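Worksheet for the structure shown next.
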Amino acid sequence: MAGLIHRRVSLLVQQFLARGHKLALQPNAQLHTSRRLEKIVSFNLSDIGEGIREVTVKEWFIKEGDVVEQFDNLCEVQSDKASVTITSRYDGKIVKLHKLVDEIALVGKPLLDFDVQDEAEESDSSEESSSDEEDAQIEHVLGQNATEIIGGSKVLATPAVRRIAMENKVDLQKVKASGRNGRILKGDVLEYLNIIPVGTVKPHPTLALQDVSGKNIGSTTPIKTETIVPLKGVGKAMFKSMTESLKIPHFAYSDEVDLSQLVLVRDQLKNEALSYGVKLTYMPFFVKAASNALKKFPILNSSFDEGKECMILKSYHNISIAMHTPQGLVVPNVKNVETKSILDIALELNALQERGTKGSLNPDDFANGTFSLSNIGVVGGTYTHPCIMAPQVAIGAVGKTKLLPRFDTKGNVIAAHIMNVSWSADHRVIDGVTMASFSNEWKKLLENPHFFLLSAK
């Protein structure tokens, strides 16, 4: 049983020994080990797609000396487009972290080093034994008093931590958590089992914040300070993309759109859309109208290759939508709008917004955008001068819809739902007539929404 049992025990013991502590075994307890071949392996940051060459380390879930298993979460990194969780490819002990939090990690370069066991150890293991016999030997070797497992409330813990708790009959509800937002770590279980001294695992800062919340610390004299906040994640992405954007000579074109008929149509359709589980806003109509207009003015659905001085026309309409999220402004896109119905577009926009709110957008959500729309009306804006998302050549921004007086065809004053739109285009390749003509086609569809029936998908 030496090989199989040793591997289970070592996951508990190695973390303890790596910190320089000594293991006091019970009298006559012996830890029989099989032949163990160690080697140090560098874990390189793999390619996460979309030409991303660097990421910022947002958070480490492990530290040097920890023992992890395959598929355990190692860290979270932030590219200029999305957050990605990096998982382990090995079973072994963490020897070295090459990057600190907020430092830049390069694709293809070492992220951390592992001390892994050679697979030769597997050949020395004996036949599998019953789980009861293994548990008994583990308890005998470690000299621990196991507690009974009690079902109850859900606790935050990784599968590896739950497995250790199960094998040692530990009720995780009784274990004091020290991880982020109350997550139970392996070290917490080891402290509970008295394998490592209490206090070895330091509480995550989120727990410290919870401890002091709500306390009255009294009035104090304000201290004038300056805080340096380095750009990272979405903020760093905005810095890069806007720097590139403002190299483009923009020109602007604005107009107003009477959405009175669209307001009626959307009111008639929104309850039906809810029966499909879809929240129907005005944005799907704006997106579909843009796609239909792009069919008549395909040069606006292109990218400009400055080096080769050529346009690359795209047959697919991947329309990027600017969204505000807790992480900042992000611009994912709805793929192949030209093939989708308004209901399909609404469903995909709902999904993108939900993933954006949760911070779970992935690189594919940002890939290959061809044209952009932004809705500044959600925060009360009317006009703006939107910045083009290079290498695209055009972008539109819609303002808040207002009920304003207008004249009808008979000269009577009526209440109309008026929205303003602002377009920006790359003046190196797009002229004013083209942009205005596109805007007029887009406007015609929104002011006469029954025209959508002629090209419904």
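The table for this structure:
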{"quantity": "Total residues in the stretch 331-348, condition in a helix (DSSP H, G or I) and either in contact with a Phe, Trp or Tyr (Cβ under 9 Å, 6 or more places away or on another chain) or open to solvent by less than 20 Å² (accessible area, probe 1.4 Å) (or both)", "calculated": "8"}
{"quantity": "Search result, residues across the stretch 307-330 that are open to solvent by 60 Å² or more (accessible area, probe 1.4 Å), under 22 Å from Pro386 (Cα atoms), part of a loop (DSSP other than H, G, I, E, B) and free of Cβ contacts under 8 Å to residues at least 60 places away in the same chain", "calculated": "Pro326"}
{"quantity": "Test: residue in the stretch 391-414 that is out of contact with any Pro (no Cβ under 9 Å at 6 or more places or on another chain), open to solvent by 40 Å² or more (accessible area, probe 1.4 Å), touching a residue at least 40 places away in the same chain (Cβ under 8 Å) and closer than 26 Å to Ile312 by Cα", "calculated": "yes"}
{"quantity": "Matching residues in the stretch 172-216 - criterion: being among the β-branched types (Val, Ile, Thr), modelled with pLDDT under 80 and not in a loop (DSSP other than H, G, I, E, B)", "calculated": "Thr206, Val212"}
{"quantity": "Residues (surrounded by fewer than 16 Cβ atoms within 10 Å (Cβ to Cβ) and small (Gly, Ala, Ser)) located in the stretch 349-371", "calculated": "Ala351, Ser360, Ala367"}
{"quantity": "Scan of the stretch 56-95 for residues that are small (Gly, Ala, Ser) and either within 13 Å of the chain's Cα centre (by Cα) or open to solvent by 30 Å² or more (accessible area, probe 1.4 Å) (or both), ordered by number", "calculated": "Ser79, Ala82, Ser83"}
{"quantity": "Checklist (1) surrounded by fewer than 16 Cβ atoms within 10 Å (Cβ to Cβ); (2) modelled with pLDDT of 75 or more applied to Thr221, failing item", "calculated": "(2)"}
{"quantity": "Strands (runs of 3 or more DSSP E) completely within the stretch 357-407 that count 1 or more residues being of a type in the set (Phe, Trp, Tyr)", "calculated": "371-375, 402-407"}
{"quantity": "Test: residue in the stretch 423-437 that is open to solvent by 50 Å² or more (accessible area, probe 1.4 Å) and assigned to a helix (DSSP H, G or I)", "calculated": "yes"}
{"quantity": "Unmet requirement for His417, which otherwise passes all of (1) within 26 Å of Ala273 (Cβ to Cβ); (2) modelled with pLDDT under 90; (3) of a type outside the set (Val, Ile, Thr)", "calculated": "(2)"}
{"quantity": "Test: residue in the stretch 258-270 that is touching a Ser or Thr at 6+ places or on another chain (Cβ under 8 Å), assigned to a loop (DSSP other than H, G, I, E, B) and either surrounded by fewer than 17 Cβ atoms within 10 Å (Cβ to Cβ) or among the hydrophobic types (A, V, I, L, M, F, W, C) (or both)", "calculated": "yes"}
{"quantity": "Extreme residue, least open to solvent (accessible area, probe 1.4 Å), among residues of the stretch 277-293 that are among the polar types (S, T, N, Q) and over 16 Å from Asn375 (Cα atoms)", "calculated": "Ser291"}
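Condition check ((1) at pLDDT 95 or above; (2) not in a helix (DSSP H, G or I)) across all residues:
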| site | (1), (2) |
| --- | --- |
| Thr227 | no, yes |
| Leu231 | no, yes |
| Thr243 | no, no |
| Asp255 | yes, yes |
| Phe285 | yes, no |
| Asn292 | yes, no |
| Phe304 | no, yes |
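The values are calculated or read from the model by the stated rules, or taken from the named source; none is laboratory data. Remember, predicted model here, so these are calculated numbers, not experimental data. Every residue, glycine as well, gets a Cβ built from its backbone with ideal geometry; the counts of neighbours run over all protein chains shown. Keep in mind that these areas ignore ligands, DNA and RNA; they rest on the heavy atoms of the full protein, side chains included. Shrake-Rupley method; radii C 1.70, N 1.55, O 1.52, S 1.80 Å.
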